[in-house]
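The values are calculated or read from the model by the stated rules, or taken from the named source; none is laboratory data. The shown structure was predicted, so the numbers you read here are calculated from the model rather than taken from an experiment. Glycine gets a Cβ as well: all are built from the backbone with ideal geometry, and neighbour counts include every protein chain shown. Please note that ligands, DNA and RNA were not included when accessible areas were found on the heavy atoms of the full protein model with its side chains. Shrake-Rupley method; radii C 1.70, N 1.55, O 1.52, S 1.80 Å.
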Amino acid sequence: MSQSTFTRVEDSPTGKKLAGPVGWLDDRLGLAAAGKKNLRKVFPEHWSFMLGEIALWSFVVLLITGVFLTLWFVPSMGEVEYTGSYGPLYGIEMSQAYASTLDISFDIRGGLLMRQIHHWAAALFVAAMMAHALRVFFTGAYRKPREVNWLIGVGLLSLGMVEGFAGYSLPDDLLSGTGLRFVDGLIRSIPLVGSYLEFFVFGGEFPGDIIIPRLYMAHILLIPALLLGLIGAHMLLLVYHKHTQWPGAGRTEDNVVGYPMLPVYMAKAGGFFFVVFGFLALMGALIQINPVWAYGPYNPSEVTAGSQPDWYMGLSEGLVRLMPPLETTWFNRTWTWSVFLPGVGGLGILFTSLALWPFIEKWITGDQREHHLLERPRNAPVRTALGVAAMTAYGVGWIAGGNDIIALKFGLDIFAITWVLRFGLFIFPVIAFIITKRICISLQRKDNETLTHGWETGVIDRSPDGGYSERHAPLPETEAYTLTASRERLPELDAEVAHKTDAYGVRNPNYRKESFRAKLRRFYYDGSVDKPTRTDMEHAAEHFEHNGEHPVELGDDFQGVSETGVPRVH
């Protein structure tokens, strides 16, 4: 922008009016120096980066709608007679928590809409965090120096699920009470300390009369405070490390190509908040969720037919349903493995694996470099295949959590479904791993083919002996850079052999560790295709030079032709 058309903010009429108050604040807070640097921070642009923003804005919507609900919700298990406007439950004894939830739904203006927005926002919050975590995992965005931020993200996901379950339990209706009964079983199944933990959490035997007030305090104070702290740390590290970006023209490990925070990114992010809020408001207004009046108040002697937890707790319940009965009696105590192993152990394995994976991968690959360019999933076939296998196992457990509903809706035998899923929990992930790895390796080979042979042009030549061949066009340098920039050169695994003794015959004390790591490295890189060498690319360039001129102008946006000979869309 030329100097003649540009007016400095401090020289504008508004800037002159604000100069005094802003100067007063800067003298006391010193915000100008920090703001000058950070407000010009550059953020890259890609649709997948919005997943984290959706989680953030969903959390903000949760805070806003949650404050509204706290004005009328009564976190008490004290018994009252319902006298609200919902006729079918009029005169029924119930807890104050359930009665106030009914009042919010039927007698507080806008209460039901706020309840539904709050519930949909909770579901979207967890879903967006999971999708964001998957994006980070499959693109290797957790690699150095972002391991700590990955751990914070895993903590956010686990706390988000706990927060969601706590809120789900507060209405004290028959459905949420059944969910609490399930969690009570999980706690009691913990060997040795289970009973003591149950008495500590519930203040005695289930259900007691203090669990709702305790969950309420955790739901509105403790867990949101922890989430806010972790989100703040997550964002600070995001700014400190700078945002990762996809490889492309002009993008390197040392820069970030995108828009500055102020004004472009801030305006887009602010606008995106209203998109998320509007979407949730629309869902809350049009799609019913958790109709607590349909289940009635909680009674420990009753269970709702077809009780289902919120979707993010489906894995834990599904694994418990798949586990065959198994318990033992040791030291005059009953050890309920059929609940503890799938219910507590399943989630424990999931989150422990997520937390440790960056360090395990670093130990296997020996990669100590910093990475700011994202890696295409195909370029880490084993990591991608492991991720898909884990998603498949999660899906099997998730389906098992609704095996009764599936059997009812599709007229299937519930025992047949359960046995298929029991075997499927071990077989399907292996199949998914093999298929995904083969797809990734095939895509790597396709990339190599594209790099060395270029794009198909659809121009067919006929040789004097009657043969046919298709002319290819070389990739632009930017496209070649995009395909190779974040692709690591494969290590020379054949040269990595662990020796039991050194050259002087002295025993290698780390032999077992080195041998185990070498096996894991071979497994990690098995089948991966290395990117073309400089020599390969030089030979490819010579081939293109002798291939003759193309009969038509291809244009700068040419990206080859499809299988039908039609130019691909740029």
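Pairs over the 23 Å Cα-Cα cut-off, from the set LYS437/LYS500; LYS437/LYS531; LYS37/LYS268; LYS41/LYS144: LYS437/LYS500.
Using Cα positions and a limit of under 18 Å, work out the aspartates and glutamates in reach of LYS16, with same-chain residues fewer than 8 apart set aside. The reachable aspartates and glutamates, counting only those whose Cα sits under 18 Å from LYS16, are ASP26, ASP27.
Given axes a ≥ b ≥ c from the Cα gyration tensor, I'd like to know whether region 493-539 is rounded (a/c under 1.5), prolate (a/b larger than b/c) or oblate. Because a/c hits 1.5 or more and a/b fails to exceed b/c, region 493-539 counts as oblate. The accessible area of MET235, taken with all protein chains in place and a 1.4 Å probe, comes to roughly 80 Å². Ligands, DNA and RNA excluded, the heavy atoms of VAL388 present near 40 Å² of accessible surface to a 1.4 Å solvent probe.
Please figure out what share of the DSSP beta bridges in the chain is antiparallel and state it in percent, rounded to the nearest 5. If we restrict to bridges inside the chain, about 95 percent are antiparallel.
Per-residue packing, averaged as other Cβ atoms within 10 Å, sorts the ranges 194-205, 147-158, 494-505, 83-94 into the order 147-158, 194-205, 83-94, 494-505, beginning with the highest.
Between region 290-319 and region 112-137, the C-alpha centres lie 19 angstrom from each other. For region 222-289, what does the alpha-carbon gyration tensor say about shape, rounded, prolate or oblate, given a ≥ b ≥ c as the root eigenvalues, a/c under 1.5 as rounded, and a/b over b/c as prolate? Oblate shape, in that a/c is at least 1.5 and b/c is the bigger or equal ratio. Taking packing as the residue-averaged number of other Cβ atoms within 10 angstrom, the listed peptides 339-347, 109-117 run from highest to lowest as 339-347, 109-117. For the chain, the solvent-accessible area with a 1.4 angstrom probe is 56 square angstrom per residue.
Oblate is the label for region 287-361. Its Cα gyration tensor axes, ordered a ≥ b ≥ c, give a/c of at least 1.5 and b/c at or above a/b. Work out the FRET efficiency for GLU370 and ASP27 from their Cβ-Cβ distance, taking R0 = 30 Å, and round it to the nearest 0.05. Efficiency, rounded to the nearest 0.05: 0.20. Take the Cα of GLU477, step 7 Å toward its Cβ, do the same at ILE360, and the gap between the two points is 4.2 nm. Between the beta carbons of PHE274 and VAL67, assuming R0 = 22 Å, the FRET efficiency works out to 0.75 to the nearest 0.05.
When all protein chains stay in place and ligands, DNA and RNA are ignored, the 1.4 Å accessible-area order of LYS36, LYS513, LYS41, largest first, is LYS36, LYS513, LYS41.
Based on the Cβ-Cβ distance from ALA416 to TRP337, what FRET efficiency comes out when R0 is 25 Å, to the nearest 0.05? For R0 = 25 Å, the calculated efficiency reads 0.55. Seen against the Cα atoms of the chain and their longest principal axis, helix 111-138 is set at about 40 degrees. Helix 223-241 and the longest principal axis of the C-alpha atoms of the chain enclose an angle of approximately 10°. Each helix, a run of at least 4 DSSP H residues, gives -39500 (n - 2.57); summed and divided by the residues of the chain, these come to -18000 deg cm²/dmol at 222 nm. Axis angle, to the nearest 10 degrees, between helix 96-106 and the longest C-alpha principal axis of the chain: 70 degrees.
One chain, two ends: ARG462 and LEU197. Fully extended at 0.36 nm per residue, the span grows by 87.4 nm beyond their Cα-Cα distance.
Distance from the alpha carbon centroid of region 421-480 to that of region 43-111 works out to 51 angstrom. Of the solvent-accessible surface of the chain, computed with a 1.4 Å probe over protein heavy atoms with every protein chain present, carbon and sulfur atoms account for 65 percent.
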